[in-house]
Amino acid sequence: MGPHLRPYRVRLLPDGLLFLLLLLMLLADPALPAGRHPSVVLGDNNRIPVIGPLKIREQQRSAVSTSWLLPYNYTWSPEKVFVQTPTINYTLRDYRKFFQDIGFEDGWFMRQDTEGLVEASMPPGVQLHCLYGTGVPTPDSFFYESFPDRDPKICFGDGDGTVNLQSALQCQAWQSHQEHQVLLQELPGSEHIEMLANATTLAYLKRVLLGP
């Protein structure tokens, strides 16, 4: 959901820093959590075997950003199913029940406190360069046979392994909603972090900073 956060970040910065911000927008935040599962459900030990996911789950749930970064219906359909179980499918309309069912209702209140900070339909109001990776399997939804304390099966979609393509392309929607240019550059096969060392990325930044 990186594009949702960009206008919010822009509004926090003085005008003199706006151009710098444009150069830092290569990496968006995930619309759907990266990794094996949403950390708010099971906890994510980032593949560190000595740390049990359930042990770290409480700490990760306490971070407001964990709930804030779940998908928004500005970019995704409200009927988007992000978690499936044998008895229920949770769509973007079902966050309150989702948080209740995982035993963390505070997550719903944290979400309510922060979701008004972002509005994807509001363009940032500055020239924007959006570089995004494609062609890397990216978590799209999760199926739990035993919910919520077992690893799910992951359904993958397109993206950079962290940011879903549908989220990254929110930039495209702003092209007709502001007077400043919105420029997009696809990076096929580029993973989320690796795009910073991508030859196309470096050439693009050089061209923007130094000119042709």
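Some points to look at:
- Placed amide H near PHE156: partners under 5 Å, 5+ positions off or other chain: ASP140
- With all projection directions averaged, the alpha carbon convex hull of the stretch 59-149 covers 7.7 nm².
- Straight-line reach from LYS80: taking Cα to Cα under 23 Å and skipping same-chain neighbours fewer than 8 places apart, the lysines in range are LYS97, LYS153.
- Whether the stretch 60-106 is rounded, prolate or oblate, judged on the alpha carbon gyration tensor where a/c under 1.5 counts as rounded: oblate
- In whole angstrom, the stretch 78-212 maps to an equivalent ellipsoid with semi-axes of 34, 20, 12, each derived as √(5λ) from the alpha carbon gyration tensor and ordered largest first.
- Other residues lying with their Cβ under 9 Å from the Cβ of THR85 contribute a combined charge of -2, Lys and Arg counting +1, Asp and Glu -1.
- Fully extended contour minus Cα-Cα distance, from GLN181 to ARG93, at 0.36 nm per residue: 28.3 nm
Every number in this text was worked out from the coordinates using simple rules, so none of it is lab data. Given the structure is predicted, the values throughout are model-derived calculations rather than measurements. Heads up, the Cβs are rebuilt from the backbone with ideal geometry, glycines too, and the neighbour counts pull from every protein chain shown.
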